[in-house]
Every structure is written in structure tokens, then in C-alpha cells.
Amino acid sequence: MLNLNRTSVVIALTACLSVPCGLTAQTDKTSDKTEIQLIQADRWFYSKDLNANSQFIVGNVILQHDSAYLLCDTAMLYKATNTVEAYSNVRIIDNDTINLYGDYLTYNGNTKIADIRGNVRLVDPSTTLETSQLTLNRNTHTAYYDSGATITNGENKLVSVDGIYNTRTGNLSFHKDIVITNPDYILKSDTMLYNVDRKVVTAIDSTTIFNKENTMFCRSGTYNLETDKGSFNNSVEIRYDNYILFSDSLYYENKKNHAEGYENVTVIDTTNKITSWSDYIEFNKEDGYGFISGNSKVRYLTEKDTMYILADTIRATFDSTLIDITAYNHVKLIHKDFQAVCDSMVAYRVDSCVKLFNFPALWTGKNQITGDTIILYTTDGKIDKLHIPSSGFIAAQDTLGSINQIKGNEISIYFKNSDNDSADSNQVNGIDYVAIDGDNKVVYFLRDDSYELIGINVVSAKNSKIIFVDGEMRDFIFFSDVKSDIYPTDKSDPSMEKLDGLKWREEERPATE
């Protein structure tokens, strides 16, 4: 029997209350706002004396607000304010796609804002968000948390201190101590956006990506976690085991270990002590190649010396270490002991050999060396030997401007191998001697101790050796078929002063500073 009096009314429903699913929710005509409706419960209590504005609902509770359903064990429904408090096994189903779980919830039907606490889980078809407290705004389709959350999206696990999730667009906005974990990499950031459908990260602040092959840092950019491809900007840096790459912007494919950098590109080879600078780089660690172009420059560091390579385009191949470097167009080599120019060049790391092609010229001290091809053999950045297979030419201007010349089909030039072997401070690793195979010609200007011209010595021979002292031609040894003529100054003519093929190219010589 129900006990009724004039101050309280209690209705106990021992049977399940239900409303047909097709029932249309009622609307407050004065405010044009949808009311929260009770659809189902085991028991329902109302006490005017205890709380005239609340309804106490217990057991298998189902409430409806427009397109959303609220399920829980216990609820307090406030008709006057169109709000509800839900306790235990709380669940919101919105448009059959969003499921929100928790221990305790307050929901305002007028603002459509839900605050849920305790073991909170927001689940949609592709994503699960877990946190201790969350605010859901059904008007803006956004969920907000500020006490830390873990989001699982496929293979990706995302953690951050606070964030906003738009359930309609699939966009997540993260802040503070963001970590994304994937079987292949870990991403850390301070501020970023993430789309759960496209699995695309947009970095807004300092971001680092760690994977098995490298570590990458940037301040802005986008990265597709599914394809492992991204475009990054603002102080981009990639660190491999032996290489560090810097650039203003970068396109990156992690699966192929492929990167393309744009503007202010720097690459450091920490094993070989090589640094390059350029406007553009394409780098593929898996295939073992990289090339740079646009204001390209490479610097070799050895224990004692430094050499620079400048060119329009420079290409490198490597495995665990550097194999070779190829340079194209407007190539320059700059070293304190020598300088060179050519149209193309190949440097082989394995035998420290450098080949210069297409009208090359090399300068060492006062000497200009040219040929069809020039081959340098080096040790620790110093030239040990120069070989000119064909059309070799050595020219050196003396104190008063006359040009001494050596011309031969095949020339080998040997250098002093100790800093103390040369007295020329400008030519630390100077020429020791020159060996010429086959036909050769020499033009040498003879001067006395006062540097007055005595005459011109013109020699033709086969198989010769010329010894240098302090970087200058000093002793001549001719082995066969020697023809030597000395022409006094009063009997010489300009045609004797220049061998066929001589081109003085001093204006092309690169500056050492």
C-alpha cells in the first residue's frame, strides 16, 4: 500500500517503465528547448518535501535528449533546469556513433554540455579516448579534457595532458607532453593537431619523431602516421647513425628512408668528417645515395687540413660509410696547398683518388697544371701524386712575369710528403719532382742573380724528370732524343716564349679564403 499525505508523494515502480522508441521528445514551448525524457527505469521516486525539483530514478535507467540517449544505474532528473545527474555505469550514445562511458555525469539539456568523471571512455568507430574527466559539448561536437588522456587510434597510441576532440571532423587538438607511440616510431610534441580518420599529424610547436633508423626534429609540419610520409618546416633536423641533416623545410618518407630538403641545407657526415651546404638535397639512406644542388659546397676535414668542393650539383654514394662523391658543373676544389677547377669531378674514398674531367686546371703554389684529365692521389687531404694521362701542361710565372712551361703527353707529378720538406710557406706540400713519359717540350727563362733575363732555353726530349725546389723548376734531366737550344734575348722572338696549347688561367683560380 502506498502511504500518501499532503506534503509528499512517493511513487514506486516495481515494473520496468518504458516509452515506445518512436515517441517524440517534448519541447518547452516557452524556451524552444528540448526536454530530457525518461524512457525506462526499474524504480522512480519523487518527494516534494525532500526536493520538489528532482526525480530520483534507479535501475536500468534510460533517458533521451533529442538524438542522444543516457544510460546509467541511478539518476537525478531536474525538470525545472532540464538537467540530470547520473551515477554508476554511465553511458551516452549520440547519433549511434559516439559512446561516452564514465562513473558520474552531469548533463544540461539546455546547453547540451555533459561533464563526466571517473574511468571515462569516449569511443567512436575508429578511436577510443580514456581519461579521468571530460567535458562533451554536443552543440559543437567537441570533447575537452585537461587532466591527461590516452587515445587509441588503430596502431597509434596518443597521450597528452589536455586536448580537444571534434567528434564530427575527427580532429584532435593536443597540448602539453604529447606522446604518440606506434610499433615503428615514437612522436613527441608540445602542441599538435591529429585527424583520426586520415591519421595525419599537424605539428605546431617543437616536435620530435624517433624511429629505428633516425630521429627527426621540427617546429611545424604534417606527418601521415599510416603512410609514414610527411612535410616539415622551420628548423628541420634528421639524425642518422653517421649523418645529421638540417634544412628549412623537408619532405620525408620513413619507410624508404628517403628525404628531400629545401633551402639552407646542411649535412654532416660524422664518420668521415665531411660537411655539405646547399639549397636542395635528396637523400636516400636505404639505397645509399644523396645529392645536393644549388650553391653546393662540401668540406673535408682531416687531422691537419681542410678541403672544399664547390659545384652546381654534388652526388654521394655510401653504404656504412662514404664510397664516392661526384660533382657536376662549375666545380671548384679549394685547399691551402692546391686549388682546382673543372666541369666534373669524382672522388673515390676507398683509394683517396680524385679525378677532374673536362678542361681541368689545378694550381699549387706558383704552378698551373692542366690536361685532358687530372688524377689526384691524396693522403689525409694532402696530394701525394698528380697524374695527367694526356695533353699535360705545367706553367709557372716567374718573378718578372715570364711563364716557364712543361708540355708532355703523360705527366706524373710527385709531391713532398712532409710539412718540413718545403721552405715555401705558401706551398706547404709542394711539388718534389715531375716525371714525363714520351715526347715533351720545355720553355725556361734563364735569369742571372739580379733577375736579368739571359735567354730562353727551349728543349725537346723523351722521358724527362724535372726537380722542383721551393715550388719552382730547378734541375732538368732529359733521358733521350734531347734537343736543347738557348736563345739570347737579342735573338729570341715572341713565338719562342709560348708552347702550343698554353692558356694562362690564373683568373679562374679559386680564392683560398
Carbon-plus-sulfur fraction of the accessible area of the chain, 1.4 Å probe, in percent?
48
Scaled radius of gyration (Cα, divided by 2.2 N^0.38 Å) that region 249-295 gives
1.11
Please give the Cα centre distance for region 79-153 versus region 357-377, rounded to the nearest Å.
77
What residues from region 107-138 fall in the zone where the backbone N is under 17 Å from a label point 7 Å along the Cα-to-C-beta line of Asp73?
117-121
Give me the compactness ratio for region 247-334, meaning the Cα radius of gyration over 2.2 N^0.38 Å.
1.04
Okay, helix-only estimate at 222 nm for the chain: each DSSP H run of n ≥ 4 adds -39500 (n - 2.57), divide by all residues, round to 500 deg cm²/dmol; what do you get?
0 deg cm²/dmol
Leu400 to Phe357: FRET efficiency via 1/(1 + (r/R0)^6), r the Cβ-Cβ distance, R0 35 Å, to the nearest 0.05?
0.50
Might you tell me the accessible area per residue for region 216-293, computed with a 1.4 Å probe and given in Å²?
41
Dipole axis of region 261-306 (+1 Lys, Arg; -1 Asp, Glu on Cβ), positive-most option in Ile281, Asn264, Val298:
Val298
Whole number please: convex hull volume per residue, Cα atoms of region 194-249, in Å³.
69
Give me the Kirkwood hydrodynamic radius of the chain in Å, from all C-alpha pairs, to one decimal place?
29.9
With Rh as the Kirkwood radius over Cα pairs, region 129-230 has Rg/Rh of 0.96
Under the Karplus relation 6.51 cos²θ - 1.76 cosθ + 1.60, θ = phi - 60°, what is the ordered set of whole-Hz ³J(HN,Hα) values for region 260-268, x standing for Gly and Pro?
10, x, 10, 6, 6, 8, 10, 10, 10
Evaluate the Debye formula for region 301-404 with equal point scatterers sitting on the alpha carbons, no solvent, and hand back log10 of I(q)/I(0) at q = 0.12, 0.17, 0.21, 0.22 Å⁻¹, in q order, two decimals.
-0.40, -0.78, -1.15, -1.24
Filter on Lys462/Lys503; Lys229/Lys285; Lys416/Lys462; Lys188/Lys285; Lys336/Lys462 - keep pairs with C-alpha separation over 27 Å:
Lys336/Lys462
Full extension between Ser391 and Leu446 adds, at 0.36 nm per residue less the Cα distance, a length in nm of 17.3 nm
Where labels lie 7 Å past Cα in the beta-carbon direction, separation of Lys255 and Lys273 in nm:
4.1
Name the trypsin sites (Lys or Arg not before Pro) in region 342-380 that are in a loop by DSSP and that have at most 13 other C-beta atoms within 10 Å, would you?
none
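The values are calculated or read from the model by the stated rules, or taken from the named source; none is laboratory data. On a predicted model such as this, the values are computed, not experimentally measured, just so you know. Cβ sites come from the backbone with ideal geometry, for glycine too, and all protein chains shown count toward neighbours. Calculation scope for accessible area: heavy atoms of the full protein, side chains included, ligands and nucleic acids excluded. Shrake-Rupley method; radii C 1.70, N 1.55, O 1.52, S 1.80 Å.
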